[in-house]
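See below for the structure under consideration.
The values are calculated or read from the model by the stated rules, or taken from the named source; none is laboratory data. In this text, all values refer to a predicted model and were calculated from it rather than measured experimentally. Cβ atoms come from the backbone with ideal geometry, glycine included; neighbour counts cover every protein chain shown.
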């Protein structure tokens, strides 16, 4: 006689059928059978590996990083009430930043859904505005089909989060059905041939066409197609922060002209202002608002993406080319082969390349002898990071410096939250990178404020013996990204930005991780040498001089409104 199956078994089998090999989460009474099925499978039953975290928000961040790094679907599971409530920030971030995540949340039994019962909440309504899909399972026979539709929605033309509410009695229900097999994803073709022919002619007639590459063009296929294009046609490229790494080392000198985001004063901003044709590839307005990079509303824009763009006053493309980005780029390549920039434009690019290189050099001496200049810290990190390592940056002043100046030559190896700009992502993202890329170090960079949003996950890193280096830019207990921008706005005054100091070395050691501190700038390289030579989790405390942050917002091009 076959062993009795329950709703939880159908959930697990559905995950397996959708290729899920890793799930993140925290259990609770309303969803405990699902966790039992994951940790104690029936004989011969295949299950994804469960990673138990210390906070549901961090579990969602880890699932998001899994999606971004692998191109697969990240999965997170939490219990009812506050468990699913703690997923909100992570799922909101995943949807904003086009990362495919399926969240399964526990729920009270169906008979208690509309009673004032312990942990009863309308979680479907909670997640509807911030996900691609939000539904509650009402019949055990519908478990697999609802999960299948959640996976489909998360992996649509604009990827994002999907949420499925699993009432306790559905989780516990005896079933005699089988989980559905995965339905092959619907595939897009290239953009319309007539539009590609038209764009090819626009490029040939342009004097300085520029490619602005965003998050949705950073997948492996699109990046490979872009490299083929740039091997044949010398076009300048500007990356958004989430498009970081689309230009490899061998194309850096000819094609890479920096990243743009936040303050409008970068080399890439200057290039866009001189371009007579800006082609956006997989660019989402949330990455860097058009009202900043096209403030004067005078740029000639064409958008190439997987779905129509959101039109606004500063983003009205001449034409939209909608379809598979990689296929569209490949067809475009054959149509513009032989195009060369005019000599005048090549001179403009040489000047801008010199400007880009100059921006990476420290120009000021730190205010105090024991502090490190941000660019010196980046230079040392750069010297220790290989191209196959993953670097995850949190949000804070360090994020602006890193996004502008840290070089990455492989797409999706420099992870940045530039949609929601979510504080606390750095450490959880790096843990996932260490799991899925176990043969190399995983590096995260955070401020002393953001680090403690998720620092409890050091225990997870130690428990799993993850090969991670967590670099904390310590500015002596401030939320500095807020602080310096408030000071710019309010004549040097700031509010609500101070907190207490925590000894980072002792904190790390209390978890069983290694803690290191850079006591003087002269020690920086040696301390990072030790950190990168250490097996297992390491936390490095680097006192940083943020007195130069005002430079980040200086010399704006027609300063932002």
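Some notes on this structure:
- Checking each residue in the range 403-414 for being at pLDDT below 95 and in contact with a strand residue (DSSP E or B) (Cβ under 8 Å, 6 or more places away or on another chain) picks out 403, 404.
- Search result, residues across the range 364-395 that are free of Cβ contacts under 8 Å to residues at least 40 places away in the same chain and farther than 25 Å from residue 410 by Cβ: 365
- Looking across the range 1-21, the residues that are touching a strand residue (DSSP E or B) at 6+ places or on another chain (Cβ under 9 Å) and surrounded by fewer than 19 Cβ atoms within 10 Å (Cβ to Cβ) come down to 4, 21.
- Lone qualifier among 326, 383, 337 - being assigned by TED's automatic domain parsing to the domain that holds residue 258 and modelled with pLDDT of 95 or more: 326
- Among the residues of the range 216-226, none qualifies, meaning not one is without any contact (Cβ under 8 Å) to a residue 60 or more places away in the chain, outside the structural domain of residue 122 (by TED's automatic domain parsing) and within 26 Å of the chain's Cα centre (by Cα).
- For beta carbons closer than 6 Å, sequence separation of 6+ or different chains, a first residue in the range 44-62 that is closer than 14 Å to residue 34 by Cα and a second that is assigned to a loop (DSSP other than H, G, I, E, B) and modelled with pLDDT of 95 or more, the qualifying pairs are 48/20.
- Any hit, the range 442-453, residues being under 19 Å from residue 377 (Cβ atoms), without any contact (Cβ under 8 Å) to a residue 40 or more places away in the chain and touching a helix residue (DSSP H, G or I) at 6+ places or on another chain (Cβ under 6 Å): no
- Helices (runs of 4 or more DSSP H) contained entirely in the range 333-421, each with at least 2 residues that are over 22 Å from residue 265 (Cα atoms) and in contact with a helix residue (DSSP H, G or I) (Cβ under 9 Å, 6 or more places away or on another chain): 374-384
- Count of residues meeting criterion [in a helix (DSSP H, G or I) and either exposed (fewer than 15 other Cβ atoms within 10 Å of the Cβ) or in contact with a strand residue (DSSP E or B) (Cβ under 9 Å, 6 or more places away or on another chain) (or both)] in the range 321-332: 4
- Condition check for residue 135: more than 21 Å from residue 23 (Cβ to Cβ), in contact with a helix residue (DSSP H, G or I) (Cβ under 8 Å, 6 or more places away or on another chain), outside any helix (DSSP H, G or I) and without any contact (Cβ under 8 Å) to a residue 60 or more places away in the chain: no
- Residues located in the range 313-323, provided they are under 24 Å from the mean Cα position of the chain (by Cα) and either more than 10 Å from residue 196 (Cβ to Cβ) or not assigned by TED's automatic domain parsing to the domain that holds residue 290 (or both): 315, 322
- In this entry, residue 15 is excluded by the filter for residues that are in the same structural domain as residue 72 (by TED's automatic domain parsing), touching a residue at least 12 places away in the same chain (Cβ under 8 Å) and in contact with a helix residue (DSSP H, G or I) (Cβ under 7 Å, 6 or more places away or on another chain).
- Of all the criteria given as (1) in the same structural domain as residue 347 (by TED's automatic domain parsing); (2) in contact (Cβ under 8 Å) with a residue 40 or more places away in the chain; (3) more than 20 Å from the chain's Cα centre (by Cα), the one not satisfied by residue 261 is (3).
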